[in-house]
Every structure is written in C-alpha cells, then in structure tokens.
Amino acid sequence: MELEHGGQFKTGVDQGWMDITGKEYFTAETPGFVWSGKLSPNPLMWIRATDRYINGEGELRIKMYSVIPLGTERGPETDQGELVRWFLETPWFPTALLPRDDVMWEPIDENSARATLTHGGHTITATFCFNETGEIVRSETMRYWKNDDGSYELKRYIGTYDAYEEFDGVKVPTYIEVTWDLDEGDHTYVKFTIDEVRFNAR
C-alpha cells in the first residue's frame, strides 16, 4: 500500500509546527514500511527525514537539504518504536489487523478491543476504540521516548483518526493526530492529512 500526505509536524516539545509532505509504503502481511518526509521550517530551508521498519529493524535518518546529516537512530528501542508506528498506522490498510498467528484480539467493551502484535522479537499491545459505525477513532499503546540525556523510557503513545473516505473499496481515515503522554503533559507532534492512497502498489 502507498500513500501521500500533507500536514504539520513538531520536531520537539518546545518547537512550533512546521509544514510537512510525505510518501509512505507499507507491507500488510508482514510488518514493514518506508516513509520519506520533507519538513519546511521556512521557504529557504528544508529537512528530509526517512523512517523505516524492514525485517524487524527500524531506522530514522534526518538530513538538511537532503544531504547534510543531522542524525540517525538505530537500536532495540528504535526497532520497537518503528513497529509501534506500523501498528498504529494499520487503519490505513486494515486487512493487516485481521486475526492471524502474530495478531491476536480480545474484547474490552462494546466500543474497544485490545490487539497484540508479535514481530521481530517485540510484542506490542494496543487498545483500539471504535465509533458506532465500526470505524477506528483512537489507538493507544506504549512506545520508547528518548530523553534529553539519551536514555529511553516507555511512554503512552496515542493516535486519533477521523475523516474516513473510500479508496478502491476500502474505507480509511484521511486525518490522523499522534500524541505523546509525557510527564509535563500531552505533546501532539503529528497532524497528517492523506491526499492519495493506492493499494497493491508495486
């Protein structure tokens, strides 16, 4: 599955919103994705970020003007974080949430259920909430947050979904917000609006 998006992004808790455009490719049967985004702090500057989860390994790279390295993240915490990203973005390709050997479900109440994903040595448990028509409107799990001193800590990680539209017979959200639940309060850092969706992209 392939999508293109616009929206806004924050690079830090105390930073302002920046315009962002991006393209992302997903595999649904086996967890995996590649995302490339372009941030525009001002008309004369841009930052290119690439995010991926392939064969159980995650990586984040950031470059100014697409060539000057600003940082790279790898390691077990990054692997877990990128798998969480894939899991919470599955409402865009919902067949990935069908029960199978590595995805198990259990009910919570009439409007929510708990899903557990196992892949790459990590187990992710997320709560998904549904509206009266069965659309996913919220998700919540734990993801590693990197502190200023370089240490990692599991924090609540929340997605909200809205503005469902149909693409190739599949109804998916075209708006998503992502929020960290930090000690100092909620930190919403992603607001994506989907422009195009293509299934079975090659």
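The values are calculated or read from the model by the stated rules, or taken from the named source; none is laboratory data. The model shown is predicted, which means the values in this text are computed figures rather than measured ones. FYI the Cβ positions are ideal-geometry reconstructions off the backbone, even for glycines, and counts take in every protein chain you see. Accessible surface areas use protein heavy atoms only, side chains included; no ligands, DNA or RNA. Shrake-Rupley method; radii C 1.70, N 1.55, O 1.52, S 1.80 Å.
For this structure, a couple of remarks:
- Residue in segment 24-35 that is more than 21 Å from Leu97 (Cα to Cα), open to solvent by 40 Å² or more (accessible area, probe 1.4 Å) and touching a strand residue (DSSP E or B) at 6+ places or on another chain (Cβ under 9 Å) present: no
- Within segment 192-202, tally of residues that are under 12 Å from the mean Cα position of the chain (by Cα) and surrounded by fewer than 17 Cβ atoms within 10 Å (Cβ to Cβ): 0
- Checked against (1) modelled with pLDDT under 95; (2) open to solvent by less than 50 Å² (accessible area, probe 1.4 Å); (3) within 25 Å of Phe93 (Cβ to Cβ); (4) of a type outside the set (S, T, N, Q), Gly12 meets all criteria but (3).
- Taken residue by residue, segment 100-123 has no member that is closer than 23 Å to Thr11 by Cβ and small (Gly, Ala, Ser).
- Here segment 122-137 is the region considered, the condition is being open to solvent by less than 80 Å² (accessible area, probe 1.4 Å) and of a type outside the set (A, V, I, L, M, F, W, C), and the residue that is nearest to Tyr164 (Cα to Cα) is Glu135.
- All conditions but one from (1) open to solvent by 30 Å² or more (accessible area, probe 1.4 Å); (2) on the phi > 0 side of the Ramachandran plot apply to Gly7; the one that does not is (1).
- Complete set of residues in segment 90-106 that are open to solvent by 20 Å² or more (accessible area, probe 1.4 Å) and either aliphatic (A, V, I, L, M) or within 16 Å of Ser139 (Cα to Cα) (or both): Pro94, Leu98, Met104, Trp105, Glu106
For (1) of a type outside the set (Phe, Trp, Tyr); (2) under 20 Å from the mean Cα position of the chain (by Cα); (3) within 21 Å of Gly56 (Cβ to Cβ), each residue gets a yes or a no:
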position	(1), (2), (3)
Val103	yes, yes, yes
Ile108	yes, no, no
Asn111	yes, no, no
Ala115	yes, yes, yes
Ile124	yes, yes, yes
Glu132	yes, no, no
Glu135	yes, yes, no
Glu140	yes, yes, no
Arg143	yes, yes, yes
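- Neighbours by Cβ (under 8 Å, 6+ apart or cross-chain): first from segment 158-182, open to solvent by 20 Å² or more (accessible area, probe 1.4 Å); second not in a strand (DSSP E or B): Tyr164/Glu135; Phe167/Phe199; Asp168/Phe199; Val170/Phe93; Val170/Pro94; Val170/Phe199; Lys171/Glu135
- Residue pairs whose Cβ atoms lie under 9 Å apart, sitting 6 or more positions apart in sequence or on different chains, and linking a residue in segment 8-27 that is closer than 19 Å to Leu70 by Cα to a partner that is among the β-branched types (Val, Ile, Thr) and in a strand (DSSP E or B), are Phe9/Ile20; Phe9/Val190; Lys10/Thr188; Lys10/Val190; Thr11/Ile47; Thr11/Ile62; Met18/Ile47; Ile20/Val190.
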